[in-house]
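For reference, the structure discussed in these notes is given below.
The values are calculated or read from the model by the stated rules, or taken from the named source; none is laboratory data. Bear in mind that the values here come from a model prediction, so they are computed numbers and not experimental data. Cβ placement follows ideal geometry from the backbone for every residue including glycine, while neighbour counts extend to all protein chains displayed. Ligands, DNA and RNA are stripped out before the accessible areas are found, and what is left, the full protein with its side chains, is counted by its heavy atoms. Shrake-Rupley method; radii C 1.70, N 1.55, O 1.52, S 1.80 Å.
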Amino acid sequence: PDLGDYGDDFAGCDTNLSLGFIYNSTSSDADYANFGLTPPAAGYDFFAGPAVPGLPTDTAIIDLKKVGGKKNLPMTSFIYFAAGGLHSDPTLGAYEGTNQWYNLLLGRPPRPPGPPPPPELINPATGQPTHFWNSGDPVTGTGWVDGMIEPAGDRRLCLNSGPFNMALGDTQEVVVAMLAGISSDRIGAVQVLKFYDGAAQNAYSQLFDLAKGAATPKVNYTELNKEVLMEFETDVASVSAIENYSEAGYKFEGYNIYQLPS
């Protein structure tokens, strides 16, 4: 993905969300600045990875139906490669490029092409081998975040899921979402993106059978000099229904009252 100006991008992943994302390395992006916008963040998520046999208690989502005894694989590795960077594009027009792609699918550096595949990359934040590159959190600045190994640039992302077996004629359904978020700055955009992703994943996991929310209360208003009195308790049945609301894991927490400038 090219996030506005392609030359100043960072990549990252969130293993809890199965999310791979792109965000800006600087506070301003030339393309978005033309519209008076701060740089957004964008990403891709496995809402439902390939379905594989699971435990009797497991459930997979296939064709928007829940199927017992199977499970959806999450993102099992994440890598990036950078045009002209330390880990650059696989070689085109040669069989060694096929092996390089296979290495990337395993979450390993593309070169040397092998076989056997090269060893896993070392996470610079932990010193341990990993197949999830840039798995730190840009919001908190913890872990391996992009920029620790090479400078910003033109990033390509690979979100991988597997392994799984397929026979000739078999089919697999993989559901991938593309999301974006924008905030007051480039790091806030990552935070918004992750929030949207969690909400969207929850909607998919619930097969879009979502909680409707509590009803709007019946309120009596009394206008006074520079103030308004609001009274909620007249309709006892309505108040009881609202404040005892519980649906799909959501419960009533309180009332929101908004005042407009006028």
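With only the Cα atoms considered, the chain has a convex hull volume of 197 Å³ per residue. Considering only 61, 149, 242, the mean-square fluctuation computed in a Gaussian network model of the chain, springs between alpha carbons under 10 angstrom, is largest for 242.
Whole-Hz Karplus values for segment 64-77 come out as 6, 9, 8, 10, x, x, 10, 9, 8, 5, x, 5, 9, 7 Hz, taken residue by residue from phi with 6.51 cos²θ - 1.76 cosθ + 1.60 and θ = phi - 60°; glycine and proline positions read x. Accessible-area rank, largest first, for 71, 65: 65, 71, with all protein chains present and a 1.4 angstrom probe.
At most 15 other C-beta atoms within 10 Å and a DSSP loop state: those are the exposed GluC sites (Glu not before Pro) I care about. Give me the longest piece of the chain that has none.
Answer - 1-172.
Per-residue surface analysis assigns residue 139 an accessible area of about 50 Å², computed on protein heavy atoms at 1.4 Å probe radius. 3J(HN,Hα) along segment 227-239: 7, 10, 9, 10, 10, 9, 8, 4, 8, 4, 5, 5, 4 Hz, from the Karplus curve 6.51 cos²θ - 1.76 cosθ + 1.60 with θ = phi - 60°, whole Hz, x for Gly and Pro. Amide H to amide H, with H built 1.01 Å from N, residue 62 comes under 5 Å of 67, counting only residues 5 or more places away or on other chains.
How much length is gained on full extension from residue 262 to residue 228, taking 0.36 nm per residue of separation minus their Cα-Cα distance?
Working it through step by step, the gained length comes to 10.9 nm.
Mean silhouette area of segment 145-201, derived from the convex hull of its C-alpha atoms and averaged over all directions, reads 6.4 nm².
Quote the charge dipole size of segment 61-150 about the Cα centre in Debye, to the nearest 20; the model charges only the Cβ of Lys and Arg (+1) and of Asp and Glu (-1).
Working: 6 positive and 7 negative charges, 107 e Å.
My answer is approximately 520 debye.
Whole-Hz Karplus values for segment 154-170 come out as 8, 9, 10, 10, 10, 9, 10, 8, x, x, 8, 9, 9, 8, 4, x, 5 Hz, taken residue by residue from phi with 6.51 cos²θ - 1.76 cosθ + 1.60 and θ = phi - 60°; glycine and proline positions read x. Accessible area of residue 156 (1.4 Å probe, protein heavy atoms only, ligands and nucleic acids ignored): about 70 Å².
Among 25, 161, 184, the largest mean-square fluctuation in a Gaussian network model of the chain, built with springs joining Cα atoms closer than 10 Å, belongs to 184.
Placing one equal scatterer on every Cα of segment 44-164 and applying the Debye formula, the log10 ratio I(q)/I(0) at q = 0.19 Å⁻¹ is -1.05. Quick check on segment 203-251: take the gyration tensor over C-alpha atoms, sort the square-rooted eigenvalues as a ≥ b ≥ c, and tell me if it's rounded (a/c under 1.5), prolate or oblate. Prolate, because a/c is 1.5 or more and a/b exceeds b/c.
Per residue, how big is the convex hull of segment 118-262 when only Cα atoms are used? Give it in Å³.
It comes to 242 Å³ per residue, whole-number rounded.
The loop-placed chymotrypsin sites (Phe, Trp or Tyr not before Pro) in segment 115-219, going by DSSP, that have at most 12 neighbouring Cβ atoms within 10 Å of their Cβ come out as 208. Ordering 70, 212 by accessible surface, largest first, gives 212, 70; the 1.4 Å probe counts only protein heavy atoms, with every chain in place. Centroid-to-centroid, using Cα positions, segment 195-262 and segment 91-168 are 45 Å apart.
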